[in-house]
Structure formats: structure tokens, C-alpha cells
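Contents: one structure, followed by commentary.
The values are calculated or read from the model by the stated rules, or taken from the named source; none is laboratory data. This one's a predicted model, so the numbers in the text were calculated from it and none came from an experiment. In this analysis, Cβ positions are derived from the backbone assuming ideal geometry, glycine residues included, and neighbour counts consider all displayed protein chains. Quick note on the areas: whole protein, heavy atoms, side chains included, nothing else; ligands and nucleic acids left out. Shrake-Rupley method; radii C 1.70, N 1.55, O 1.52, S 1.80 Å.
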Amino acid sequence: MRSEPSGVHTVESLTDDLRELGVEPGDVLLAQGSLRAVGQVKGGGRTVVDALREALGPRGTLVAYAATPENSDTSRLDREHTAGMDAAQLAEYRASMPAFDRLTTPVSRSIGRLAEEVRLTPGALRSAHPQTSFTAVGPAAPAVLDGHALESHLGEESPTARLYDLGARALLIGVDLWVCTAYHLADYRADPPPSRPYRAVLPTADGGKEWVPFQGLDIDDKHFPQLVPVVARECEVLNGRFGDAECHLVPIADAVDVIEKWLIAHGRQPKN
């Protein structure tokens with residue numbers, strides 16, 4: 001294993017990094033993190049995705065979190081975008097919000113470029129949720145993405161539960177060990193936080209659009225940094241480099257299980 005970052009990375013060198021890290025052909029892999037942390041790559045983000053797919057092989061499936069939190073009138077991003085608007089400006093902003101289209105709506109810039117590169121990969125599919133979609137390419141993509149219920153942002157009727165069921169792992173690229181969206185499944189499995197109203201813009205049958213209200217859990221990741229020693233101690237986390245990026249390879253089901261136990265031990269009661 002290289003001890004220091006160096007040079008311009010290629011498909012071949014990045015694939016070697018992934019294999020040394022422990023990514024195996026046939027894996028279902030949730031890739032999440034920073035393209036910039038990978039360093040200088042010949043061909044940019046497309047090369048990074050190509051390397052991930054090469055390491056996974058034809059039987060493997062690459063997954064990314066493809067969220068669009070802007071499609072909301074209650075999210076943090078919405079509050080940032082609408083701060084200081086008067087009533088007329090706010091109404092115009094709401095009216096101009098495009099409906100979510102799983103085929104064409106770009107991944108939020110707040111999520112990072114890696115997920116958008118996966119979404120744009122030929123053959124990639126995407127789940128239907130207008131705020132917390134996932135995208136995937138590979139033979140397990142339909143099994144991961146189908147049935148993403150509006151009320152289940154990251155719960156049992158979402159790709160996080162399918163990743164758990166399929167024994168997927170998360171590759172966290174250049175980010176801390178706590179930065180894994182799939183951990184939220186544990187929030188649903190311990191006594192869930194209260195629900196709250198959401199709204200999103202969805203297409204109508206006649207080609208128009210409408211704001212659709214729904215209920216979902218009021219989840220956040222404020223407790224996630226506390227989980228780092230728990231996951232590191234109790235899960236078989238593999239650490240290494242992908243290009244210049246320090247990475248963690250985490251078994252999702254094991255991590256969700258230990259986080260659920262931690263939540264219960266810290267006051268969250270088990271779900272009946």
C-alpha cells in the first residue's frame with residue numbers, strides 16, 4: 001500500500017487501489033464521498049466511476065446517494081435559498097421549482113459530483129423518491145432501487161434497507177467514517193424520531209406538476225460523529241487509499257446493527 005499520495009491516477013491505478021483496499025468482484029457497493037479528495041485523475045470523475053465498476057466486475061453493482069433536498073419547502077437548503085425573499089419572490093421561487101424526474105433531474109450539488117457521475121452512467125437506474133433518491137448501475141440495481149416509498153426517505157421501504165439485505169458495503173471516499181447515508185436505517189429500527197410534514201414537487205399525469213404533501217421521519221445526522229468509535233471498534237472496517245483519498249470500507253448491515261444497539265443504549269427504545 002502506498003504511504004503517500006503521488007502522481008496522476010488512471011483507471012488501472014485506481015482499480016488496483018480498490019482491490020488492495022478490499023473491494024471484490026460481485027460486491028454491491030455504495031460509493032459516497034469526495035471526488036476532489038481522490039486527487040488528479042486522468043479523465044476526471046468518469047474515470048473514477050470506471051475504476052469502481054472495473055473493480056466490481058460485471059456481477060457487481062455500484063450505488064450512490066442521488067438526493068435532491070432542494071425539492072422541498074422545509075429543508076435546510078430551501079431555507080438557505082429563500083432567506084431574505086419577500087412574499088412575491090417566494091411565491092415565484094416555489095412556482096418555478098421543477099418537478100422531480102428520475103431520468104433527468106440532476107443530483108444536488110450539495111451531495112457531490114460522484115453521485116451525478118454514477119447517475120449519468122449508461123444503464124444507470126434511479127429510485128423514485130423526489131428528495132432522497134439513490135442511483136445504481138449493475139445487475140442488482142433494480143433490487144436496490146425498486147419500491148422507494150414517499151414516506152420512507154431512508155427507511156424500510158427505501159434503498160438503505162435493500163443495501164442491508166444484500167450485504168452491501170459502503171466505500172467512504174475522503175470523508176470521515178460517520179459520513180454514510182445508509183446508517184440512517186438504524187434510526188428507523190430503533191424507536192424512530194417523530195414524523196413531520198414534507199412537500200415535494202412531482203409530475204402530474206397531464207404533464208404538469210404539483211406540490212405533494214406527505215409525512216416522514218424528522219431525521220438528522222447530528223449524532224453520527226459520536227458513532228465513529230462504535231463502528232470502528234465493532235465492525236470489520238477496512239482502511240486504505242483510493243488515489244490520494246483516505247477511505248473506509250464498511251459492511252452496512254453490521255454498522256446498522258451496532259448503531260441501532262447504540263441508539264437503544266442511549267435512550268432510543270427498540271421499535272415494536
Count - residues of the stretch 208-231 that are part of a helix (DSSP H, G or I) and of a type in the set (Asp, Glu): 0
Specify the residue that is least open to solvent (accessible area, probe 1.4 Å); the eligible residues are those in the stretch 232-272 that are in a loop (DSSP other than H, G, I, E, B) and among the small types (Gly, Ala, Ser). GLY243
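Out of VAL63, VAL11, VAL41, I need the residue that is among the β-branched types (Val, Ile, Thr), under 18 Å from the mean Cα position of the chain (by Cα) and either closer than 23 Å to ALA143 by Cα or crowded, with 18+ Cβ neighbours inside 10 Å (or both). Which one? Step through it out loud before you land on a result.
Working: VAL11 fails: under 18 Å from the mean Cα position of the chain (by Cα); VAL41 fails: under 18 Å from the mean Cα position of the chain (by Cα).
The match here is VAL63.
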Test: residue in the stretch 218-231 that is modelled with pLDDT of 95 or more, charged (D, E, K, R), over 30 Å from GLN40 (Cβ atoms) and surrounded by fewer than 19 Cβ atoms within 10 Å (Cβ to Cβ): no
The one condition VAL107 fails out of (1) part of a loop (DSSP other than H, G, I, E, B); (2) touching a residue at least 60 places away in the same chain (Cβ under 8 Å); (3) under 12 Å from the mean Cα position of the chain (by Cα); (4) crowded, with 22+ Cβ neighbours inside 10 Å is (2)
With ASP206, ASP191, ASP187 as the choices, which residue is farther than 30 Å from THR10 by Cβ and free of Cβ contacts under 8 Å to residues at least 24 places away in the same chain? ASP206
List the pairs whose first member sits in the stretch 241-267 and is farther than 18 Å from ARG169 by Cα and touching a residue at least 40 places away in the same chain (Cβ under 8 Å), whose second member is open to solvent by less than 40 Å² (accessible area, probe 1.4 Å) and in a strand (DSSP E or B), and whose Cβ atoms are under 8 Å apart, counting only residues at least 6 apart or on separate chains? GLY243/HIS9; GLY243/VAL41; ASP244/HIS9; LEU263/ALA190; ILE264/ALA190
With the condition kept exactly as written, say whether any residue in the stretch 67-76 is crowded, with 18+ Cβ neighbours inside 10 Å, in contact with a helix residue (DSSP H, G or I) (Cβ under 7 Å, 6 or more places away or on another chain) and among the aliphatic types (A, V, I, L, M). no
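Going through LEU77, LEU18, LEU14 one at a time, which residue ends up being among the hydrophobic types (A, V, I, L, M, F, W, C), outside any strand (DSSP E or B) and farther than 16 Å from ASN239 by Cα? First the steps, then the outcome.
Values: LEU18 fails: farther than 16 Å from ASN239 by Cα; LEU14 fails: farther than 16 Å from ASN239 by Cα.
Only one candidate passes the filter, namely LEU77.
Looking only at the stretch 87-94, decide whether some residue is in contact (Cβ under 8 Å) with a residue 60 or more places away in the chain and either touching a strand residue (DSSP E or B) at 6+ places or on another chain (Cβ under 7 Å) or within 18 Å of ARG169 (Cβ to Cβ) (or both). It would help to see each step written out before you state the result.
Of the residues in the stretch 87-94, the ones in contact (Cβ under 8 Å) with a residue 60 or more places away in the chain are 94.
Of the ones still in play, those that are also either touching a strand residue (DSSP E or B) at 6+ places or on another chain (Cβ under 7 Å) or within 18 Å of ARG169 (Cβ to Cβ) (or both) are none.
Scanning the stretch 87-94, I find no residue that is in contact (Cβ under 8 Å) with a residue 60 or more places away in the chain and either touching a strand residue (DSSP E or B) at 6+ places or on another chain (Cβ under 7 Å) or within 18 Å of ARG169 (Cβ to Cβ) (or both), so the answer is no.
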Scan the stretch 74-97 residue by residue and report those that are among the charged types (D, E, K, R) and out of contact with any Ser or Thr (no Cβ under 8 Å at 6 or more places or on another chain). ARG76, ARG79, GLU80, ASP86, GLU92, ARG94
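Yes/no per residue for (1) open to solvent by 10 Å² or more (accessible area, probe 1.4 Å); (2) among the hydrophobic types (A, V, I, L, M, F, W, C); (3) closer than 27 Å to VAL23 by Cβ:
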position: ALA143; (1), (2), (3): yes, yes, yes
position: ASP146; (1), (2), (3): yes, no, yes
position: LEU150; (1), (2), (3): yes, yes, no
position: THR160; (1), (2), (3): no, no, yes
position: CYS180; (1), (2), (3): no, yes, yes
position: TYR188; (1), (2), (3): yes, no, no
position: ARG196; (1), (2), (3): yes, no, no
position: VAL201; (1), (2), (3): no, yes, no
